[in-house]
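Before any comments, here is the structure.
The values are calculated or read from the model by the stated rules, or taken from the named source; none is laboratory data. Note that the structure is predicted; figures quoted are calculated from it, not measured. Quick reminder, even Gly has a Cβ in these numbers, built from the backbone with ideal geometry, and neighbours come from all protein chains shown. Ligands, DNA and RNA are stripped out before the accessible areas are found, and what is left, the full protein with its side chains, is counted by its heavy atoms. Shrake-Rupley method; radii C 1.70, N 1.55, O 1.52, S 1.80 Å.
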Amino acid sequence: MNSFELNKILGALLGAVFVIFSVSLLSDAIFSAPAPATPGYAIEVAEDAGHGGAQEEAAPESIAPLLASADASKGEAIFKRCQACHTVDDGGANKVGPNLWEIVDRPIASHEGFSYSASMKEFSEGGSKLWTYENLDHFLISPKGFMPGTAMAFAGLKKIDDRANLIAFLRQHAATPAALPEASAEGGSDAAAAPAEGGASEEAPAEEAPAQEAPAEESPAPEGQGTAN
């Protein structure tokens with residue numbers, strides 16, 4: 001190979017190196033990405049208007065004013081959803097859920113022969129809490145929402161009229177129906193109900209002010225595994 005050919009090869013190599021080096025410098029200049037002063041990404045989170053605003057604003061409406069005019073016949077139709085898990089007649093058998101005869105003002109988790117969930121037993125505080133009208137209502141809205149861990153697999157009744165009608169139907173199924181709560185003159189919550197006459201020791205509506213009861217979450221109602229009393 002003569003010197004002329006060798007010079008051509010070396011020139012070509014030097015030219016290629018020059019082109020590559022020039023492209024590299026140009027790319028760095030165009031696509032430069034300087035390191036941020038603070039590593040990571042800033043994520044902006046909108047501040048709440050107030051702590052617990054959405055959760056605290058919607059306390060359940062009291063059911064007391066609706067019970068006096070509730071339609072038990074409509075409640076009977078609603079109860080058909082519950083029949084797979086509950087009976088409501090006197091002496092009726094326990095099924096997936098307990099029998100619901102005299103459920104209103106019955107001590108929670110007290111029906112003989114039924115195995116209640118641990119959360120129901122804990123909530124009942126040894127039977128000191130009753131299935132007041134308000135407790136029944138709160139539980140029927142969302143069993144698992146008010147009593148996490150309950151075995152009651154029921155989504156709940158969202159319409160207050162449906163709950164009032166169902167509770168009116170359940171109230172009728174007792175030797176002596178529990179007294180209805182009285183709505184206050186201001187249309188607010190109910191006053192304490194008078195004790196049911198001739199009822200068993202578990203019926204003491206006067207001692208359980210419906211508006212004061214913490215939501216009892218075992219429902220007499222429908223579908224799902226029974227954990228109501």
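For segment 157-182, name all the residues that are open to solvent by 20 Å² or more (accessible area, probe 1.4 Å) and assigned to a loop (DSSP other than H, G, I, E, B).
Those that are open to solvent by 20 Å² or more (accessible area, probe 1.4 Å) and assigned to a loop (DSSP other than H, G, I, E, B): Lys158, Lys159, His173, Ala175, Thr176, Pro177, Ala179, Leu180.
Give all pairs with beta carbons closer than 7 Å in which a residue from segment 70-89 that is in contact (Cβ under 8 Å) with a residue 12 or more places away in the chain meets a residue that is surrounded by fewer than 16 Cβ atoms within 10 Å (Cβ to Cβ) and in a helix (DSSP H, G or I); count only pairs at least 6 apart in sequence or on separate chains.
Ala72/Gln172
Tally time: how many residues in segment 96-115 are out of contact with any Pro (no Cβ under 7 Å at 6 or more places or on another chain), surrounded by fewer than 23 Cβ atoms within 10 Å (Cβ to Cβ) and not aliphatic (A, V, I, L, M)? Lay out the reasoning, then the answer.
As a first pass, look at segment 96-115 and keep what is out of contact with any Pro (no Cβ under 7 Å at 6 or more places or on another chain): 96-99, 101-102, 104, 106-110, 112-113, 115.
Okay, now just the ones that are also surrounded by fewer than 23 Cβ atoms within 10 Å (Cβ to Cβ), so 96, 101, 107, 110, 112-113, 115.
Filter once more, keeping what is not aliphatic (A, V, I, L, M): 101, 107, 110, 112-113, 115.
Within segment 96-115, residues that are out of contact with any Pro (no Cβ under 7 Å at 6 or more places or on another chain), surrounded by fewer than 23 Cβ atoms within 10 Å (Cβ to Cβ) and not aliphatic (A, V, I, L, M) number 6.
Which of (1) open to solvent by less than 50 Å² (accessible area, probe 1.4 Å); (2) without any contact (Cβ under 8 Å) to a residue 40 or more places away in the chain does Phe139 not meet, given it meets every other one?
Here Phe139 clears every test but (2).
With the structure loaded, tell me whether Val88 is open to solvent by 10 Å² or more (accessible area, probe 1.4 Å), within 22 Å of the chain's Cα centre (by Cα) and not aromatic (Phe, Trp, Tyr) or whether it fails that test. Break it down stepwise before answering.
On the way: open to solvent by 10 Å² or more (accessible area, probe 1.4 Å): yes; within 22 Å of the chain's Cα centre (by Cα): no; not aromatic (Phe, Trp, Tyr): yes.
When the stated conditions are applied, Val88 does not pass them.
Any residue in segment 105-128 that is free of Cβ contacts under 8 Å to residues at least 60 places away in the same chain and within 18 Å of Pro143 (Cα to Cα) sitting within a Cβ distance under 6 Å of a residue that is part of a strand (DSSP E or B) and open to solvent by 40 Å² or more (accessible area, probe 1.4 Å)? List the pairs, counting only those 6 or more apart or interchain.
Sorted first by the residue in segment 105-128, then by its partner, the list stays empty.
In the list Ser119, Ser128, which residue meets the criterion of being surrounded by 19 or more Cβ atoms within 10 Å (Cβ to Cβ) and small (Gly, Ala, Ser)? Break it down into steps so the answer makes sense when it comes.
Working: Ser128 fails: surrounded by 19 or more Cβ atoms within 10 Å (Cβ to Cβ).
Checking each option against the conditions leaves just Ser119.
What helices (runs of 4 or more DSSP H) completely inside segment 42-155 contain at least 1 residues that are modelled with pLDDT of 90 or more and not aliphatic (A, V, I, L, M)?
The qualifying helices (runs of 4 or more DSSP H) are 64-67, 72-79, 118-124, 133-141.
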